[in-house]
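The values are calculated or read from the model by the stated rules, or taken from the named source; none is laboratory data. All values derive from a computational prediction rather than experimental measurement. Cβ coordinates were reconstructed from backbone atoms using ideal geometry, including for glycine residues, and neighbour counts include every protein chain displayed.
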Amino acid sequence: MTPDNTKCGLVSIIGLPNAGKSTLLNNFVGEKISIVTHKVQTTRSRVRGVSIVGNTQIVYIDTPGIFKAKRRLERSMVDAAWSSVKDADAVVAVIDAYRGVDDKVKTLLVEVNERAHEAILVLNKVDKVKREFLLSLTNDLSRITKYEAVFMVSASKGDGIEDLQNYIASLMSPGPWLYPGDQLSDLPQRLVASETTREKAYLFLHQELPYSLSVFTEEWKVLRDKSVRMRQVIYVERDTQKAIVLGKSGETIKKIRMSSQKEMIDIFDTEVHLFIEVKVRKNWVNDPRVYEEWGLKFDI
Ligand SMILES: Nc1nc2c(ncn2[C@@H]2O[C@H](COP(=O)(O)OP(=O)(O)OP(=O)(O)O)[C@@H](O)[C@H]2O)c(=O)[nH]1
Ligand SMILES: [Mg+2]
């Protein structure tokens, strides 16, 4: 049941690629909503995750990392990130403390501070750095631009998340909740399924990952016994990339399929029979329908 005197707000999570934005979103929500890998440019579109603190509903928006975008898909991803800042009541700027401060971080922090209504600086991955380093890092950062609120957290271990989330809740304004109290995300199930397989592909393809790899869930059939028969297609742009995704005697695609299927059984809480096909589709990154499915701008 929704409590009285509710508060609500949109909070965008922004940062360079690999800073730990998606890990942070998942930790805020308490469930895996957004896929996480050790590779840059994992998140491709805006992913909403919902969290409730007392009478306050916080709607977080995980975004693609900010980088110097060249290709259409890249430009569209970066545009999605910045436009979420415009709509947000508050922005969490996430920095990888282990990586330290360089020009890219500086530019980002200044820009977020200029564009955001409320900006919060979060130093993430503090589990990986020494305390002395953190102190000199915060000193450096305070010389670049002034943030009213600075938090040090470990998104993967959960340290410092509660304080951060309480602070964010205190910034939200009175108003009705945007989502029912038990809804954690706005991703359609098909997209969740596609993203799960994309995550596994990123994890199993190590160095050889084709940048443009994409997963689409083409069939989702609920069988009489309530299990789901699912057919997915992994698109790549070249034959050589297809060979990489398949692996020697199909070993790699088998690992991807098994691992994705296992996780989906968990997520959807039912038996899943997953079939994956790898197809070459030249130039799919210039297909407007793909952008529409992901909620990304095509003409950019
Ligand atoms: N040690 C440590 N690793 C972390 C922490 N947070 C995230 N990571 C790791 O950092 C890597 C990137 O995490 P993501 O959450 O995918 O980063 P992201 O900012 O969403 O990346 P993009 O979507 O590519 O922009 C993963 O390997 C995470 O496990 C943390 O607090 N400590
Ligand atoms: Mg991400």
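So residue 73 passes all but one of these: (1) crowded, with 20+ Cβ neighbours inside 10 Å; (2) over 23 Å from residue 290 (Cβ atoms); (3) more than 9 Å from ligand 2 (Cβ to nearest atom). Which condition number does it fail?
Failing condition for residue 73: (2).
Which one is surrounded by the most Cβ atoms within 10 Å (Cβ to Cβ), of the residues in the stretch 268-300 that are more than 28 Å from residue 251 (Cα to Cα) and aromatic (Phe, Trp, Tyr)?
291
Would the stretch 238-249 turn up any residue that is in contact (Cβ under 8 Å) with a residue 24 or more places away in the chain, touching a helix residue (DSSP H, G or I) at 6+ places or on another chain (Cβ under 6 Å) and within 30 Å of residue 30 (Cα to Cα)?
no
Only one of (1) more than 8 Å from ligand 1 (Cβ to nearest atom); (2) surrounded by 20 or more Cβ atoms within 10 Å (Cβ to Cβ); (3) under 13 Å from the mean Cα position of the chain (by Cα) is not met by residue 31, so which one is it?
The single condition residue 31 does not satisfy is (2).
Take the conditions touching a residue at least 40 places away in the same chain (Cβ under 8 Å) and either surrounded by 24 or more Cβ atoms within 10 Å (Cβ to Cβ) or away from ligand 2 (no atom under 15 Å from the Cβ) (or both) and apply them to residue 36. Does it pass? Don't jump to the end; show me each part of the working.
Details: touching a residue at least 40 places away in the same chain (Cβ under 8 Å): yes; either surrounded by 24 or more Cβ atoms within 10 Å (Cβ to Cβ) or away from ligand 2 (no atom under 15 Å from the Cβ) (or both): no.
Taking the combined requirement at face value, the residue does not satisfy it.
Return the pairs, sorted by first residue and then second, in which the second residue is surrounded by 15 or more Cβ atoms within 10 Å (Cβ to Cβ), the first residue lies in the stretch 218-232 and is of a type in the set (Phe, Trp, Tyr), the beta carbons are less than 7 Å apart, and the residues are 6+ apart or on different chains.
220/190; 220/228; 220/230
Out of all the residues in the stretch 20-45, which are in a loop (DSSP other than H, G, I, E, B), over 17 Å from residue 194 (Cα atoms) and touching a strand residue (DSSP E or B) at 6+ places or on another chain (Cβ under 9 Å)?
Within the stretch 20-45, 20, 30, 31 qualify.
Any residue that is modelled with pLDDT under 95, surrounded by fewer than 16 Cβ atoms within 10 Å (Cβ to Cβ) and either assigned by TED's automatic domain parsing to the domain that holds residue 155 or β-branched (Val, Ile, Thr) (or both) - is there at least one of those in the stretch 122-129?
Residues of the stretch 122-129 that are modelled with pLDDT under 95, as a first pass: none.
Within the stretch 122-129, none of the residues are modelled with pLDDT under 95, surrounded by fewer than 16 Cβ atoms within 10 Å (Cβ to Cβ) and either assigned by TED's automatic domain parsing to the domain that holds residue 155 or β-branched (Val, Ile, Thr) (or both).
Starting from the stretch 56-69, take each residue that is closer than 25 Å to residue 103 by Cβ and assigned to a strand (DSSP E or B) and list its partners that are charged (D, E, K, R) and within 12 Å of ligand 2 (Cβ to nearest atom), counting only C-beta distances under 6 angstrom and pairs at least six apart or across chains.
Hits for this filter: 62/21.
Anything in the stretch 114-137 that is within 21 Å of residue 171 (Cβ to Cβ), in contact (Cβ under 8 Å) with a residue 12 or more places away in the chain and either of a type in the set (S, T, N, Q) or not in a strand (DSSP E or B) (or both)? List them, or say none.
Of everything in the stretch 114-137, those that are within 21 Å of residue 171 (Cβ to Cβ), in contact (Cβ under 8 Å) with a residue 12 or more places away in the chain and either of a type in the set (S, T, N, Q) or not in a strand (DSSP E or B) (or both) turn out to be 115, 116, 117, 118, 124.
Is it fair to say residue 17 is surrounded by fewer than 20 Cβ atoms within 10 Å (Cβ to Cβ), within 14 Å of ligand 1 (Cβ to nearest atom) and under 12 Å from the mean Cα position of the chain (by Cα)?
yes
Determine which member of the set 50, 92 is more than 18 Å from residue 294 (Cβ to Cβ), away from ligand 1 (no atom under 14 Å from the Cβ) and in contact (Cβ under 8 Å) with a residue 40 or more places away in the chain.
On the way: 92 fails: away from ligand 1 (no atom under 14 Å from the Cβ).
None of the other options fit; the residue is 50.
Of the residues 98, 60, only one is within 15 Å of ligand 1 (Cβ to nearest atom), within 23 Å of residue 10 (Cβ to Cβ) and among the hydroxyl-bearing types (Ser, Thr, Tyr); which?
Working: 98 fails: within 23 Å of residue 10 (Cβ to Cβ).
Selected residue: 60, the only one of 98, 60 that is within 15 Å of ligand 1 (Cβ to nearest atom), within 23 Å of residue 10 (Cβ to Cβ) and among the hydroxyl-bearing types (Ser, Thr, Tyr).
Looking at the stretch 161-174, I want the residues that are of a type in the set (D, E, K, R) and have a partner that is at pLDDT 95 or above with Cβ atoms under 7 Å, at least 6 apart or on another chain. Which pairs are those?
Close Cβ pairs satisfying both conditions: 163/151.
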